[in-house]
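The structure appears below as structure tokens.
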Amino acid sequence: MAIDVLARNDVLGDKIAHLYKSGNVLRHEDCDSFSLRDLLPDRAPHNTNLEYDLWYDMGGDKEIHGYSYTDMLSSFIYIRTANFYFSQKTMIDALSAEITAEGRGLVERIAKKTGDKYRLRTAFERHDFVVFLPGTNCINDAFDWDLGKQAVAQGAVFKPHPLSSVSLIRHLKNEYGDANILDKRMSGHELLTGADIVGCCANSEMGIAAIARGCGFHMFSPESIGYSGKSLTYSSIYRALLKGGNHKENLQRIVSCESSGLVSNASQNAQQRINNFFQQFEDVPHVEPTNPRY
């Protein structure tokens, strides 16, 4: 008997696709970014793939093989090339944008209205320094364990990703102490609201939310991330945010830029921002996939 493919067309908002990616941890239904899916093209320029929540890099600086996107920060989508060189260039170029009133407003929206991506429990605790960890699938690539030890010495506690295995939780407790590992089912954004200092890795949106709130921020991914074939979801964004100057102003510039690939459903011109993102790569050679995904 043939086995049916559950999520043949992985797209934002498809319940089976989210179940396949998140397992028994349910996605939160209060996600305004779902409405942006209808604004995206089915295929990217030059008949390349536009894939949901798949992060890979083809390398090089001469051509583009495809694009990917994900939902983030409750009301945004993030579109990027499947190539770190061009995705990084997009974010660095965005730092030159003028900060607009809309950009400031969208960053304030991130600070005040971003919620949990997954359905989690109320956090009744408050901690000054919280480090948000990657899930089991990428923690060894994304997280610098030695930086974790330094953070413990400075009073940090660790919030495991909701998609963390029992064995990973056990290892974290052995490594950093049982009292320093929080319940993975606890609301991350409630913990963020009570923290003065936040840490995360380049796969997590939590640092972006922390910067929007004006919290102190530390990156816990290795310096090589993005240049060693292991680029993570938000690597390009963080390299731009932390490039220098005021982190919050850098975020305001990136969000103000209408071709950065960061698009909010609260934007007055969300469709135009999506169009602008793709149009900036019109003159870059594209490689059409041999076997198109859809």
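For this structure, a couple of remarks:
- Remark: pairs (first residue in segment 52-75, within 18 Å of Gly115 (Cβ to Cβ); second residue part of a loop (DSSP other than H, G, I, E, B) and among the acidic types (Asp, Glu); Cβ separation under 8 Å; 6+ apart in sequence or on different chains) = Thr70/Asp53; Met72/Glu205; Leu73/Glu205; Ser74/Asp30.
- No other residue among Ile181, Ile208 is in contact (Cβ under 8 Å) with a residue 12 or more places away in the chain and touching a strand residue (DSSP E or B) at 6+ places or on another chain (Cβ under 7 Å) apart from Ile181.
- Just one of the listed residues (Arg273, Arg239) is of a type in the set (Lys, Arg) and under 15 Å from the mean Cα position of the chain (by Cα), and it is Arg239.
- Search result, residues across segment 65-112 that are under 27 Å from His46 (Cβ atoms), of a type in the set (S, T, N, Q) and part of a loop (DSSP other than H, G, I, E, B): Asn83, Ser96
- Restricting segment 142-173 to residues that are outside any loop (DSSP other than H, G, I, E, B) and surrounded by 19 or more Cβ atoms within 10 Å (Cβ to Cβ) leaves a set whose member that is nearest to the chain's Cα centre (by Cα) is Ala142.
- Exclusive hit being of a type outside the set (A, V, I, L, M, F, W, C) and touching a Lys or Arg at 6+ places or on another chain (Cβ under 8 Å), set Arg121, Arg126, Arg170: Arg121
- Thr193 meets the conditions (1) out of contact with any Gly (no Cβ under 9 Å at 6 or more places or on another chain); (2) touching a residue at least 60 places away in the same chain (Cβ under 8 Å); (3) of a type in the set (Ser, Thr, Tyr) in every case but one. The failed one is (2).
- Of residues in segment 99-128 being within 22 Å of the chain's Cα centre (by Cα) and hydroxyl-bearing (Ser, Thr, Tyr), the one farthest from Ser187 (Cα to Cα): Thr114
- Tally, over segment 116-136, of residues that are part of a loop (DSSP other than H, G, I, E, B) and at pLDDT below 85: 4
- Contact map, segment 161-176: residues that are without any contact (Cβ under 8 Å) to a residue 12 or more places away in the chain paired with residues that are among the polar types (S, T, N, Q) and surrounded by fewer than 14 Cβ atoms within 10 Å (Cβ to Cβ), Cβ distance under 8 Å, separation 6+ or inter-chain. No pairs are found.
- Taken together, the residues in segment 56-70 that are crowded, with 19+ Cβ neighbours inside 10 Å and either more than 15 Å from Phe281 (Cα to Cα) or within 20 Å of the chain's Cα centre (by Cα) (or both) amount to 6.
- Of all residue pairs spaced 6 or more apart or on separate chains, those with beta-carbon atoms under 6 Å, a first member in segment 94-110 that is buried (at least 16 other Cβ atoms within 10 Å of the Cβ) and a second member that is not small (Gly, Ala, Ser) and not in a helix (DSSP H, G or I) are Ala94/Cys257; Ala97/Cys257; Ile110/Leu73.
The values are calculated or read from the model by the stated rules, or taken from the named source; none is laboratory data. Remember, predicted model here, so these are calculated numbers, not experimental data. Here the Cβ is made from the backbone with ideal geometry for all residues, glycine too, and neighbour counts use every protein chain on show.
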